[in-house]
Structure formats: C-alpha cells, structure tokens
Amino acid sequence: EPEVTQTPSHQVTQRGQEVILRCVPISNHLYFYWYRQILGQKVEFLVSFYNNEISEKSEIFDDQFSVERPDGSNFTLKIRSTKLEDSAMYFCASSGQGSTEAFFGQGTRLTVV
Amino acid sequence: AQSVTQLDSQVPVFEEAPVELRCNYSSSVSVYLFWYVQYPNQGLQLLLKYLSGSTLVKGINGFEAEFNKSQTSFHLRKPSVHISDTAEYFCAVIPNTGGFKTIFGAGTRLFVKA
C-alpha cells in the first residue's frame, strides 16, 4: 500500500542552525501539506502546496519557514534559523484527485537544543 | 472557517468498560469527518471517517462513530476498551471545498486502567 515517507524520524539540532525535513509523498498525489505538533498539544496546520506553489499558510509559517518540491518526488520543509520553540513533531501529508482524506507520514521529531 | 472541539481533554476508564469520546465541529460548509489515534511517540493512524451516507461508521480496533448533523457532532465509541487502547485521540474535519487541509481538535487522552 502506498504511503507517505518522512526522513529522518528524529533530528536534533543546535539553536540557530538550519534544518531540512524531508518527505516523499504518495507518487500520484498533487496536494502536499506540513503540520506541526508541539509535545502534548494539538496538530496544527502549517502550509499547503499545490501546483508548485503555496496555496495556503498559517500564521505559524513565518519567514523562517519555506517549502520546496525540488525534484518531483520529494517535498521539503526548511527552517532557516531554528529556535527552541520549533521543537515539535512535524507531519507531512499528501492527497490526490479522487482522495477523500490526507495521508499522513509517521512524522519527524525535531529537537532544538 | 472551521473548528473542532473535543469536549474532554482526558477520559479515564476501566478495562472492558464502554467509552465515548466527544467531538463537535463548526463549519459553514459541508465537511468530511475523521478520527485519528496517536500512540505514545508515534504518528497518526486513521481510525475511521465519515464522508456521506449511513451516519454510523465503523473503524478499526472495534471503534465506531456516529455523525449527527443537527448537533454537528461526531462522537467516537467503543463498547469494551482494552489497556492497549490507551492513546491520544484526535477528531478532525476536512471542508468539502477542494483541497484536503485537515483541521484537528485538541485531542482527548484515553487512559484505560486495569
């Protein structure tokens, strides 16, 4: 069964460093998303991406965040200068025409120290 | 805009007892409705979803949920819980307006006691 794959499963980074979280969506999907879940809290929408551009973003998704689909198969989330409060689980999701749900990856746990 | 309210942040229950986790939503457009389960330090697993048709939907692990349009609710139930059901449960909606942005509730922590 096709699935969304995220790497790495856990990343530790120093405050101020740049990180790139990687996702491989399901191959024929066209809609891509990033969500964030701070420990013990709800899952929050960050950004949606369609047709090679951001279609919607939340207030959380400020200038330190960016997304890219560099090669037609990967979908990345970059955080330019990480802060302690960026520590969270980040989920990637994708959907396609005819889908009735978004399919979620297993998440990347980002720890900023 | 849409919102999802999970009325209980924590639900303690004894093993083999029934449980209901409550969810209400608000939306000016029709929505698809979902329940996800998250075990400690793991990702999101889809339990069940309501798209249309019969208002009672059955999911994995013996869970079911009932859509009530007039009350804008989508409560999750299980007739007899197990210790292994201890987890965080999230109710979520996707507005039926194109795209698949998922809006989550704050979660309910189900704690099953022996």
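Taking K and R as +1 and D and E as -1, what net charge do the other residues with C-beta under 13 Å from the C-beta of A:Gln41 add up to? Please report the intermediate quantities before stating the final value.
Numbers: positive: A:Arg36, A:Lys42, B:Arg109; negative: A:Glu44, A:Glu85, B:Glu88.
After counting each charged neighbour, the total is 0.
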For the protein assembly as shown, the charge dipole (Cβ of Lys, Arg +1; Cβ of Asp, Glu -1; about the Cα centre) points to a positive end, and the Cα of B:Ile83, B:Ser27, A:Val4 closest to that extreme belongs to B:Ile83
In the protein assembly as shown, carbon and sulfur make up what percent of the accessible area (probe 1.4 Å)? 47 percent
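What percent do you get for the relative contact order of chain B when only Cα pairs under 8 Å and 6+ apart count?
Working: 286 pairs, mean separation 42.3, N = 114.
Answer for chain B is 37 percent.
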Heavy-atom accessible surface that B and A bury in contact, both chains counted, 1.4 Å, Å² to 100: 1700 Å²
Averaged over B:101-107, number of beta-carbon atoms from partner chains that fall within 10 Å: 6
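Just checking the output field for A:43-51: average partner chain Cβ neighbours within 10 Å of each residue's Cβ?
Working: counts 12, 2, 4, 0, 1, 4, 0, 3, 0.
That average works out to 3.
For region A:68-107, what class follows from the C-alpha gyration tensor (a ≥ b ≥ c being the square roots of its eigenvalues): rounded when a/c is under 1.5, otherwise prolate if a/b is larger than b/c, else oblate?
Working: a/c = 3.63, a/b = 1.64, b/c = 2.21.
Cα axes put region A:68-107 in the oblate bin.
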Lys, Arg +1 and Asp, Glu -1 on Cβ, resulting dipole of chain A about Cα centre, debye, nearest 20: 320 debye
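Round to the nearest 0.05 the FRET efficiency obtained for B:Glu16 and A:Glu3 when R0 = 22 Å and r is the Cβ-Cβ distance. List each step's numbers first, then the result.
Numbers: r = 33 Å, r/R0 = 1.51.
About 0.10, to the nearest 0.05.
So for each of B:41-47, A:50-56, A:21-27 I average, over its residues, the number of other beta carbons within 10 Å; can you give me the resulting order with the highest mean first?
Details: B:41-47: 17.4, A:50-56: 11.4, A:21-27: 19.1.
Taking the mean over residues of other Cβ atoms within 10 Å, the ranking is A:21-27, B:41-47, A:50-56.
How many percent of Cα pairs in the protein assembly as shown exceed 33 Å?
Values: 4359 of 25651 pairs.
Result for the distance tail: 17 percent.
How crowded by other chains is B:31-38, given as the mean number of beta carbons from other chains within 10 Å of each beta carbon?
Working: counts 0, 2, 0, 3, 0, 2, 0, 4.
Per residue, the number of nearby Cβ atoms from other chains is 1 on average.
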Please enumerate, by chain and number, the lysines with C-alpha under 20 Å from the C-alpha of B:Lys113, excluding those fewer than 8 residues away in the same chain. B:Lys78
Whole-Å distance, taken between Cα centres, linking region B:33-52 and region B:54-89: 10 Å
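The values are calculated or read from the model by the stated rules, or taken from the named source; none is laboratory data. Since this is a predicted model, take the numbers as computed values, not measurements. Cβ atoms come from the backbone with ideal geometry, glycine included; neighbour counts cover every protein chain shown. For accessibility, only protein heavy atoms count, side chains too; no ligands or nucleic acids. Shrake-Rupley method; radii C 1.70, N 1.55, O 1.52, S 1.80 Å.
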